[in-house]
Amino acid sequence: MSTIKIGGATLNQLPFDWKNNTKNIIDAIRAAKSEKIKILCLPELCITGYGCEDTFLSEWLSREALIQLQLIIPECEDITAAVGLPVRIDNTTYNGAAVISNKKMLGITLKQNLALDGVHYEPRWFKPWLYNAVSSIQVGDAEVQVGDLIYEVDGIKFGFEICEDAWRKRRRPGYRLQERGVDLILNPSASHFAMSKSSLREKEVVIDGSTMFQCVYLFVNHLGNEAGRMIYDGDIIIAQRGKVLAVNRRLSFRSFNILATDIDFKNRAASAEVKSLDDKEKNEELARAVALGLFDYLRKSKARGFVLSLSGGADSSCCAILVAEMIKRAAQELGWSSVCAALQLNEKEINGDWKKAVGTILTCAYQGTKNSSDLTFNAAKRLAESIGAEFHHWTIDDEVNSYSKKIEGAIGRKLSWETDDIAMQNIQARTRSPIIWMLANIKKAVLLTTSNRSEGDVGYATMDGDTSGSFAPIAGLSKPFIIQWLRWAESSLGHSGLRDVNNLQPTAELRPLERNQTDESDLMPYVVLEAIERHAILERKSPVEVYDAMKATYDAGALKGYIKKFFRLWSMNQWKRERLAPSFHLDDLNVDPRSWCRFPILSSGFTRELEQLENL
């Protein structure tokens, strides 16, 4: 055959949830057969889920994955399917793609290049397979080849690049696959979401791969918030000799999606290019990704909703809007019956009203003090009302005064803003924590914390205060991005309740109002902080190198001060970053030491390097 239908199926999985994962795989295979697909690729490690972490080091996980594989084999009648799973050989775990054709195992290809950058630590769990090496394992009653394999079905030769395999420009298996005469390369992946990454993936992995290796290239990614931190966009991309033939709709709320197209493998002419079916604009992409991430986090954690300390500021308002978008977008795609079933809502009470659904899911509280303004209270109240969130408000001055009097008695003097500024700010933020946690416990809800990445850089947050929470949905975003996103959400998404929020200058409101506290007066202009962050953290430059990169744009004296402040605060606040709530990875960097940026808790604090900067 020269023309056959090939396709990919993206899946929303959960680590070692055998019932969910195997059902999604079988449902996808059955749907593919109904569409007359002959070759189907499913995502990397889809039987177990990609995010099993140290559980991959166990014997039982790979053993159970093979048992689940044997449940899938009988479903593959009149179809060839590639299914990802871990494979254990001689006390070592490998990352494999099993090929089943017409109810028989043809082999398992093992991944040759492992990801060890950014959010990935694959060499901790897997060993890379050597190219050209072949071995065998027992799968049920059959002995099955494993390793560096190629396959032939209906006259079509195909092989694999498994995720990271395709990002290694000089070590791509595709070069050897081309030498072995393959017509088709399948790429089952677990490629995490970051804004604008999908277009890079489409170009560097799929288009370039299909061009260099003169073949058809099929890429399939995981879908949704699988294990907590990472979101997967559900990309399926099919290209032939440099031209994109089809692209999936990304960031779907469904359990699985299929994309397929008929391929003429004998056609040597350039194929017609198809544009992506998505809007790749960053703000919309972010809204869709976090909405999906929150939806999966809520349903998979089996919590009953979210609780949020809504201050009227940008960060907490961003969290509230994203929860509202979660409800609106999920209902639009899935319908109210499915959404209510997934989130344990009463469909009759909701009655198709997204604001009623938000009111059931999201509970907000404004926790004021004598240092809080009417502006922030009104901004919080109007925003909550505009999206239908349950809204409470109270003051915490009695509790703050109680703590202050006790400590004054202990130390034998009065507290004052002149001598105890930080302590007096922090006690307000910390006093808000127990009561909002109590509300979350009563609601059986996930407490959202509102930390952003810029605050994480410099520790501009009160530990066990405004950092309190189960999950931090926007901790991967910089403050300048959040501010512009909120303006976009007001104008483009129709969230008119953001008007007051967007007219306020960011402030912690922890000092007396007459002191006119603002975030940027405490720190530095946020745009400067973000620029320093990119040079220092993403590009890993020294203080002097950061200065050299920025000196043409900023006043030299002020810039030196900003850089010194950034590096000092960065160094002394690693202990805070170690304790921040889990967060989504959303950009090309984040400062979560669990998933991206590791730094010592104790260090010199760049003493010598900052002296070199000062002496320039």
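The values are calculated or read from the model by the stated rules, or taken from the named source; none is laboratory data. In this text the structure is predicted, and so the values were computed from the model without any measurement. With ideal geometry, Cβ positions are generated from the backbone for all residues, glycine too; neighbour counts draw on all protein chains shown. Note: accessible area is taken over every heavy atom of the protein model, side chains too, but ligands, DNA and RNA are not part of it. Shrake-Rupley method; radii C 1.70, N 1.55, O 1.52, S 1.80 Å.
The figures follow:
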{"item": "Modelled FRET efficiency - R0 45 Å, residue 168 with residue 435, Cβ distances, 0.05 increments", "result": "0.30"}
{"item": "Residues of the chain: accessible area per residue with a 1.4 Å probe, Å²", "result": "41"}
{"item": "Hz values of 3J(HN,Hα) by residue in the stretch 246-262 - Karplus curve (6.51, -1.76, 1.60), Gly and Pro given as x", "result": "7, 9, 6, 6, 7, 6, 7, 8, 7, 5, 8, 9, 10, 10, 9, 7, 7"}
{"item": "Length-normalised contact order of the stretch 1-75 in % [C-alpha pairs under 8 Å, at least 6 apart]", "result": "38"}
{"item": "Of (1) 27.1; (2) 36.2; (3) 30.6, the label for mean projected area of the Cα convex hull in nm² derived from the coordinates", "result": "(3)"}
{"item": "With every protein chain in place, the stretch 227-268: carbon and sulfur % of accessible area (1.4 Å)", "result": "37"}
{"item": "Most positive-pole-ward Cα, 219, 590, 505, against dipole of the chain from beta carbon charges", "result": "219"}
{"item": "Between the stretch 481-498 and the stretch 327-357, the alpha-carbon center distance in angstrom", "result": "23"}
{"item": "Under 10 Å, Cβ to Cβ, from residue 2 - net charge with Lys/Arg +1 and Asp/Glu -1", "result": "-2"}
{"item": "Apportionment of accessible area to carbon and sulfur, the stretch 469-602, percent (1.4 Å)", "result": "51"}
{"item": "Placed amide H near residue 231: partners under 5 Å, 5+ positions off or other chain", "result": "193, 585"}
{"item": "Mean-position separation - Cα centroids, the stretch 29-57 and the stretch 188-263, in angstrom", "result": "14"}
{"item": "Long-range amide H partners of residue 146 with built H, under 5 Å", "result": "108, 135, 136, 137"}
{"item": "Mean ellipticity per residue at 222 nm, deg cm²/dmol - from DSSP H runs of n ≥ 4 across the chain, formula -39500 (n - 2.57)", "result": "-11500 deg cm²/dmol"}
{"item": "From phi via Karplus (6.51, -1.76, 1.60), per-residue ³J(HN,Hα) for the stretch 332-348 in Hz, x at Gly/Pro", "result": "5, 8, 9, x, 5, 4, 5, 5, 5, 5, 5, 9, 6, 9, 8, 4, 5"}
{"item": "Whole-Hz couplings from phi, Karplus 6.51/-1.76/1.60, listed for the stretch 193-199; x for Gly and Pro", "result": "6, 8, 4, 6, 6, 4, 5"}
{"item": "Percent accessible area from carbon and sulfur atoms, the stretch 296-347, protein chains only, probe 1.4 Å", "result": "45"}
{"item": "Nearest-0.05 FRET efficiency for residue 530 and residue 405, computed from C-beta distance (R0 35 Å)", "result": "0.30"}
{"item": "For residue 390, distant residues with modelled amide H under 5 Å away", "result": "362, 364"}
{"item": "Cβ-placed point charges (K, R +1; D, E -1), dipole of the chain about Cα centre in debye, nearest 20", "result": "500"}
{"item": "Charge dipole magnitude, Cβ of K and R +1, D and E -1 - the stretch 330-402, Cα centre, debye nearest 20", "result": "160"}
{"item": "Alpha carbon Rg of the stretch 115-250, scaled by the compact-globule rule 2.2 N^0.38 Å", "result": "1.09"}
{"item": "Antiparallel content of DSSP bridges confined to the chain, in %, to 5", "result": "60"}
{"item": "Those residues of the stretch 242-267 whose amide nitrogen sits under 17 Å from the label point placed on residue 152, 7 Å along Cα→Cβ", "result": "265-266"}
